[in-house]
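First up is the structure itself, then whatever we jot down about it.
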Amino acid sequence: MNLCDFAPEYIRSIQPYQPGKPIAELAREIGLDEAYVIKLASNENPLGTSPLALDAMINALHDVALYPDGSGYELKIALSKRYAVAPEQIILGNGSNDILDLAARVFLKPGATAVYSQHAFAVYPLVVQMIGANGLSIPARDFGHDLPAMLDAITPETRVVFIASPNNPTGTLSGEDELFQFMERVSRDVLVVIDEAYYEYLPETNKPDSIEWLKKFPNLLITRTFSKVYGLAGVRVGFGLTHPDVANLMNRVRQPFNVSSIGLVGALAALQDAEFVQKSYALNRAGMLQLTDGFRKLGIEFIPSYGNFISFNVTGDAANTLKIYQSLLRQGIIVRPLGIYEMPHHLRVTVGLESENKRFLESLENAMGEIA
Ligand SMILES: *Cc1c(COP(=O)(O)O)cnc(C)c1O
């Protein structure tokens, strides 16, 4: 036995999260300029960051010798006004992944179970396994969550259910009525996490009134993030909205300074920048149309998406799908292979700027020519 053998088996068997390939890494590998590389692999905002947030963060750099406000007072007040919830219902995280992790750490332990869907966001199994709890992956229906089957899968050991809506990487949305019925039927002894990382990309008519449900369901945790439409993925800010008692427990478990001072001011300013959010939303709608039109012209199957990304199936064959991925890399385009999501026939592409989408589609056509 050496030291590492003493780490619990459930830790040693964790498959590390695979992030999108960094631009600098690909540029090094193919010997091309970084400026030539287009990364459409991590659902980042192609417009960058809100200019208001950028200014606020640059100013805040002068104070980085000081610890951040560990309570995130100002950001919580702003969020509480925006969403008409009490500050005590808000928990801030180092990205919303941090919130998912806190939920797992508060409610799970070895022997407990968490339920999530097949093809759901990869962080759910990860945070469950880190605790040594059991993750139950419920087969998807048309790539979306099968909520009735997830409800049926709940046992007395189940403490947490993760629902991503829209889900990444499938882009599927659970309907508002279906979600509400799930909340009505599920035991109040089970925490339901509705992960709404892409909420701001939904058309108004598709936005569920989930925050309103907090009044009715003390076992609901809604997570949102500043990483996507607000363009702040690099500074790591997310938040959860829930019952004050749940927030209280999560607050005890989190690191005292889990959100950086730069993140706090960036998020506060980004929240006020309605113009940037609107611009990002509109760009995404147009880009999504551009991509789906392009796929149709190329005869490529895709899963209609409610996010800022879309998954597509070029060849129906896993080996050829990787060849397409590799060919795109050689052409300076980074997308995401989905083998770890049990979707080896799909690749996921983030909606970029018009010029980026165009180059992606041209490169994809080249790649298809190469494998034909
Ligand atoms: C991107 C994403 C998140 C956000 O992660 P952060 O930690 O906030 O950057 C959360 N859930 C899903 C489903 C995502 O795709």
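The values are calculated or read from the model by the stated rules, or taken from the named source; none is laboratory data. Bear in mind that the values here come from a model prediction, so they are computed numbers and not experimental data. Note that each Cβ is placed from the backbone with ideal geometry, even for glycine, and that neighbours are counted across all protein chains shown. Each accessible area value is taken on the protein alone, full model and side chains, heavy atoms only, with ligands, DNA and RNA left out. Shrake-Rupley method; radii C 1.70, N 1.55, O 1.52, S 1.80 Å.
The table for this structure:
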{"quantity": "For the range 276-346 versus the range 193-270, the gap between their alpha-carbon centres in whole angstrom", "calculated": "27 Å"}
{"quantity": "Efficiency of FRET between residue 109 and residue 28 - r from beta-carbon atoms, R0 35 angstrom, step 0.05", "calculated": "0.20"}
{"quantity": "Environment charge of residue 157, counting only residues whose C-beta is closer than 15 Å and scoring Lys/Arg +1, Asp/Glu -1", "calculated": "0"}
{"quantity": "Global form of the range 144-299, assessed from the alpha-carbon gyration tensor, a/c cut-off 1.5", "calculated": "oblate"}
{"quantity": "Per-residue SASA entry for residue 358, accessible area with 1.4 Å probe, Å² rounded to 10", "calculated": "120 Å²"}
{"quantity": "Student exercise, the range 1-122 dipole from Lys, Arg, Asp, Glu Cβ charges, in Debye to nearest 20", "calculated": "400 debye"}
{"quantity": "Sum of side-chain charges, residue 188 neighbourhood, beta-carbon under 15 Å (Lys, Arg +1; Asp, Glu -1)", "calculated": "+1"}
{"quantity": "Neighbourhood charge, 15 Å Cβ-Cβ cut-off, centred on residue 344 and excluding it, Lys, Arg +1 and Asp, Glu -1", "calculated": "0"}
{"quantity": "Kirkwood hydrodynamic radius of the chain, Cα pairs, Å", "calculated": "21.5 Å"}
{"quantity": "Amide H within-cut-off set for residue 115, under 5 Å, with H built and near neighbours excluded", "calculated": "136, 160, 161, 162"}
{"quantity": "Non-local Lys pairs in the range 184-329, i.e. 8 or more apart or on different chains, that have alpha carbons under 20 Å apart", "calculated": "5"}
{"quantity": "Cα shape, the range 4-117, gyration tensor, a/c 1.5 rule", "calculated": "oblate"}
{"quantity": "Sum of -39500 (n - 2.57) over DSSP H runs of 4+, divided by residues of the chain (222 nm, nearest 500)", "calculated": "-12500 deg cm²/dmol"}
{"quantity": "Length-normalised contact order of the range 51-270 in % [C-alpha pairs under 8 Å, at least 6 apart]", "calculated": "30 percent"}
{"quantity": "Relative counts (whole %) of C-alpha pair distances in the range 101-140, using bins that are 10 Å wide", "calculated": "35, 56, 9"}
{"quantity": "Distant alpha-carbon pairs in the range 51-270 (separation over 22 angstrom), percent", "calculated": "48 percent"}
{"quantity": "About the Cα centre, charge dipole magnitude for the chain (Lys/Arg +1, Asp/Glu -1 at Cβ), debye", "calculated": "260 debye"}
{"quantity": "Ellipsoid semi-axes in whole angstrom, largest first, where each is sqrt(5λ) of the Cα gyration tensor of the range 215-277", "calculated": "24, 16, 9"}
{"quantity": "The range 278-372: GluC sites (Glu not before Pro) in DSSP coil with no more than 13 other Cβ atoms inside 10 Å", "calculated": "342"}
{"quantity": "Computed magnitude of the charge dipole of the range 137-222 (debye, nearest 20; Cβ of K, R +1, Cβ of D, E -1)", "calculated": "260 debye"}
